[in-house]
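The values are calculated or read from the model by the stated rules, or taken from the named source; none is laboratory data. For clarity, every value in this text was computed on a predicted model and none was experimentally measured. Neighbour counts are summed over all protein chains in view; Cβ atoms, including those assigned to glycine, are modelled from backbone coordinates with ideal geometry. For the accessible areas, the whole protein counts, side chains as well, though only heavy atoms, and no ligand, DNA or RNA atoms are used. Shrake-Rupley method; radii C 1.70, N 1.55, O 1.52, S 1.80 Å.
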Amino acid sequence: MPPIVRTLLTRGVPLLALYLVVLGLIGAGIIDAYWMATLALICVNIVLAVSLNLITGFTGQFSLGHAGFMAIGAYATAIISNAVAGPAGFLGGLLAGGVLAALVGFLIGLPTLRLRGDYLAIATLGMAEIIRVVFVNLDSVTNGAAGLTVTQNMDWNWFFVLTVGSVILIRNYLRSRQGRDAIAVREDEIAAESIGVDTTRAKVMSFTIGAFFGGLGGGMYASYFYFIKPDLFGFLKSIDILVIVVLGGLGSLSGSIIAAILLALISTLLQGFTEIRMILYALLLVVIMIFRPEGLMGSRELSLNVFSRLGRRRPALATAQAAPGASEAQGKGDER
Amino acid sequence: MKRTLSWLVAGALSLTALAGCSGTTAPSSAAGGGAAAGGDTVKVGLLFELTGNVASYGTAEANGAKMAAEEINAAGGVNGKKIQLVEYDTKSDTAETTTLAAKLMTQDKVVAIIGPATSGGMKAQIQLSAQNKVPIVSGSATADDLTVTNGKLNEYVFRTCFVDSYQGTVMAKYAASKLNAKTAVILKDTSSDYAKGLADAFDKQFKAGGGTVAATEAYTAKQTDFNAVLTKLKGQQFDVMYVPGYYEELGLIIKQARALGITAPITGGDGYESPKLAELAGSALTDVYYTNHYSATDTDPKVTAFIDAFKKKYNNATPEAFHALGYDTMKFVADSIKRAKSATGADVKAAMTETKGFSGVTGTFDVDPATHNPIKQATIIGYKDGKISVTEKFS
């Protein structure tokens, strides 16, 4: 069997089956407006978590600004799809949102990623705040603190295409030469530099691509949940995304996907316990982190057909990570 | 790196847990929850911010609404049916609001949803309300563009409070007629849409009434020193100051303005309403007037009965405007269900639109069919030496 056919069979068929099953359930009315909203949130969170995992989990750069990229994507999509009706405006908006977020990510990343340690965390935190405040004050374009209503354009078809597409693109990036460079930077920056990896370039690349998909996630959010305001993209939103990434496992794409689904389901199942819901939710997270401090998946990948090849190569890297380099130990001291 | 992350996450989680706690201090008695199941109940959704950053508003309004539902059920319910409340927490998050509104409308099949308390929360469910034909009613969402967006009426959106611009208009009239002001200065919080709305409306009405606005200055939330801007204003000649904003800053502004020797009356909107205002301003809180939805010192028998019942139920706490608005909103919804042809969203909506002379704790109102806003009077509250000296209805 030629490889291309095998790839299509082992990866395409399960995905297509997933798509058709959900489509059938929507058609049969089993997935109603409520479950569809939950599904939408899962898809958005997958895109956001996977893109942050690229930056934090795979390249080892601690970013606290993902909500900022999300905000850029959300507002760009909102403004463009409100101005241009139909799929052209919607898709153009999503693309513009991603590109704008990537541009901002590039501009922020270029100076700050030359530094080592936790400077990036602080710089990205500041960036996200600046973006939020700009949107509050750009009254004429964003309607300020009162928020913006967006045309609802997303449905399951788009969610499926965009979510699966984002994950596949990020996975392929990680398996490219640039992606390998990024992982090398995470493992040991000095060693990577000594064998000729342009570390700044690798970091900026990952950061820019992560920002692009962060913006795309924001655009998906705005196009489904049809109302956005700057407060939504505050510091806590960045933390929410980080929680998914850490819970799923730093350096595991399938971990991020599982965590995004799991957290949404836990949150949904707890909705009946109005008063103690947030306590239960937080408690569950604490318990998971105590028993799985490396995250649900660690840095392994789930060996589904979709991720089979990546899964086979991961263990070597996992062992390398168990013995952190000297520079990382130094970093820990600073962070406390 | 990893361990640091775990610590950070643990820290973030404990914060979340704390935020959760703050919203859960309210008694958890869902009124009518034990009512007989089946055809003899009417389901009403209660969708409020019980946790998160606006939990204090959401919780207060939800408690007011629950108390009203208990009273209605104790009196025999609506058309012989008990009201059954289905309550969810939006976490002050708009996506969560959209999701839960969908759940209330499609799975729980409620005839109407009360809440959320903020305009943003309401906007997150406007489209769903039209798609599923379920009216949504807020007691405190005051943004002007909530019920009418871009000149188009949102058919299933209602509220029981007056809008932002109305407060500014009323205070401008009050300043001109009762405080005999000819010249005003405006000091507004530019970081809040609410304050800007009030300031614009005041400016417009005050000028239309023949007055002049000598200066407009700005501050931003979280600021603590206002001496620079107040000194600048002191150089102007004026009879009244209009300072819309929230009590955290206003307490300090009032104190610093009086210390600088500004004696003109200071006026504002319902953001003044908090016991914290008197704590922050102390004895400087004199000649201060603001528009509000209701006053706890009102002697109307309806209001005193409400306050007594509230104190009995909630450990002797004095109800605030949000409690009263939540209470009125539940009564308004029940009243509309009673008048509706059938207990379906579309009929209840029609009944709400036709409301005439609904009498509640926060005043008597008609619903304006063109805008779905209640036509009601504002309550003016005035302070002298740190104590309430004036309470009057004005429009």
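Observations on the model:
- Elements of the type strands (runs of 3 or more DSSP E) sitting completely within segment B:189-272 and holding at least 3 residues that are open to solvent by less than 40 Å² (accessible area, probe 1.4 Å), within 17 Å of B:Ala175 (Cα to Cα) and hydroxyl-bearing (Ser, Thr, Tyr): there are none.
- Qualifying residue in segment B:60-68 (condition: open to solvent by less than 20 Å² (accessible area, probe 1.4 Å), under 23 Å from B:Asp145 (Cβ atoms) and either outside any strand (DSSP E or B) or not assigned by TED's automatic domain parsing to the domain that holds B:Gln131 (or both)): yes
- Filter result for the condition that a residue is over 18 Å from the mean Cα position of the chain (by Cα) and either over 30 Å from B:Thr41 (Cβ atoms) or outside the structural domain of B:Ala141 (by TED's automatic domain parsing) (or both), over B:Gly386, B:Gly357, B:Gly345: B:Gly386
- Any hit, segment B:163-170, residues being more than 14 Å from every other protein chain (Cβ to nearest Cβ), under 22 Å from the mean Cα position of the chain (by Cα) and in a loop (DSSP other than H, G, I, E, B): no
- In segment B:121-136, the qualifying residues are those that are facing chain A (nearest Cβ under 9 Å) and in contact with a Phe, Trp or Tyr (Cβ under 7 Å, 6 or more places away or on another chain), and the one that is farthest from B:Glu61 (Cα to Cα) is B:Gln127.
- Among (1) out of contact with any Asp or Glu (no Cβ under 7 Å at 6 or more places or on another chain); (2) away from every other protein chain (no Cβ under 14 Å); (3) at negative phi - the single one B:Tyr219 does not satisfy: (1)
- Of the residues A:Leu64, A:Leu91, A:Leu113, the single one that is under 15 Å from A:Ser238 (Cα atoms) and at pLDDT below 95 is A:Leu64.
- Any hit, segment B:190-202, residues being farther than 17 Å from B:Tyr246 by Cβ and of a type in the set (Gly, Ala, Ser): yes
- Take the conditions (1) more than 9 Å from every other protein chain (Cβ to nearest Cβ); (2) in a loop (DSSP other than H, G, I, E, B); (3) closer than 24 Å to A:Thr151 by Cα; (4) out of contact with any Ser or Thr (no Cβ under 8 Å at 6 or more places or on another chain); B:Thr142 misses just one of them, which is (4).
- The single condition among (1) open to solvent by less than 30 Å² (accessible area, probe 1.4 Å); (2) closer than 19 Å to A:Leu270 by Cα; (3) within 8 Å of chain A (Cβ to nearest Cβ) that B:Leu104 does not satisfy is (3).
- Criterion violated by B:Pro116 - all others in (1) more than 9 Å from chain A (Cβ to nearest Cβ); (2) part of a loop (DSSP other than H, G, I, E, B); (3) on the phi < 0 side of the Ramachandran plot; (4) without any contact (Cβ under 8 Å) to a residue 40 or more places away in the chain satisfied: (4)
Residues checked against (1) surrounded by fewer than 24 Cβ atoms within 10 Å (Cβ to Cβ); (2) more than 30 Å from B:Tyr290 (Cα to Cα); (3) more than 12 Å from every other protein chain (Cβ to nearest Cβ); (4) touching a Leu at 6+ places or on another chain (Cβ under 7 Å):
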residue: B:Lys81; (1), (2), (3), (4): yes, yes, yes, no
residue: B:Leu100; (1), (2), (3), (4): no, yes, no, yes
residue: B:Ala112; (1), (2), (3), (4): no, yes, yes, no
residue: B:Ser138; (1), (2), (3), (4): no, no, yes, no
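- Search result, residues across segment A:8-29 that are more than 30 Å from A:Met70 (Cβ to Cβ) and in contact with a helix residue (DSSP H, G or I) (Cβ under 9 Å, 6 or more places away or on another chain): A:Leu9, A:Thr10, A:Val13
- Take the conditions (1) over 21 Å from the mean Cα position of the chain (by Cα); (2) free of Cβ contacts under 8 Å to residues at least 40 places away in the same chain; B:Gly80 misses just one of them, which is (2).
- B:Asn316 satisfies every condition listed in (1) open to solvent by less than 30 Å² (accessible area, probe 1.4 Å); (2) not assigned by TED's automatic domain parsing to the domain that holds B:Ala172; (3) not charged (D, E, K, R) except (1).
- Residue within segment A:28-43 that is farther than 22 Å from A:Asp181 by Cβ, away from every other protein chain (no Cβ under 14 Å) and hydrophobic (A, V, I, L, M, F, W, C) present: yes
- Top-ranked residue in segment A:247-298 [being open to solvent by less than 60 Å² (accessible area, probe 1.4 Å), in contact (Cβ under 8 Å) with a residue 60 or more places away in the chain and closer than 30 Å to B:Gly45 by Cβ; ranked as farthest from the other protein chains (Cβ to nearest Cβ)]: A:Ala260
- Test: residue in segment B:368-381 that is open to solvent by 40 Å² or more (accessible area, probe 1.4 Å) and either modelled with pLDDT of 95 or more or more than 22 Å from B:Ala143 (Cβ to Cβ) (or both): no
- Residue count for segment A:206-229, restricted to those that are open to solvent by less than 10 Å² (accessible area, probe 1.4 Å) and farther than 14 Å from A:His66 by Cα: 7
- For the criterion of being at pLDDT below 80, farther than 30 Å from A:Leu41 by Cα, more than 10 Å from chain B (Cβ to nearest Cβ) and open to solvent by less than 70 Å² (accessible area, probe 1.4 Å), A:Ala326 fails.
- The residue that is farthest from the other protein chains (Cβ to nearest Cβ), among those in segment B:145-162 that are under 16 Å from the mean Cα position of the chain (by Cα) and touching a residue at least 12 places away in the same chain (Cβ under 8 Å), is B:Thr160.
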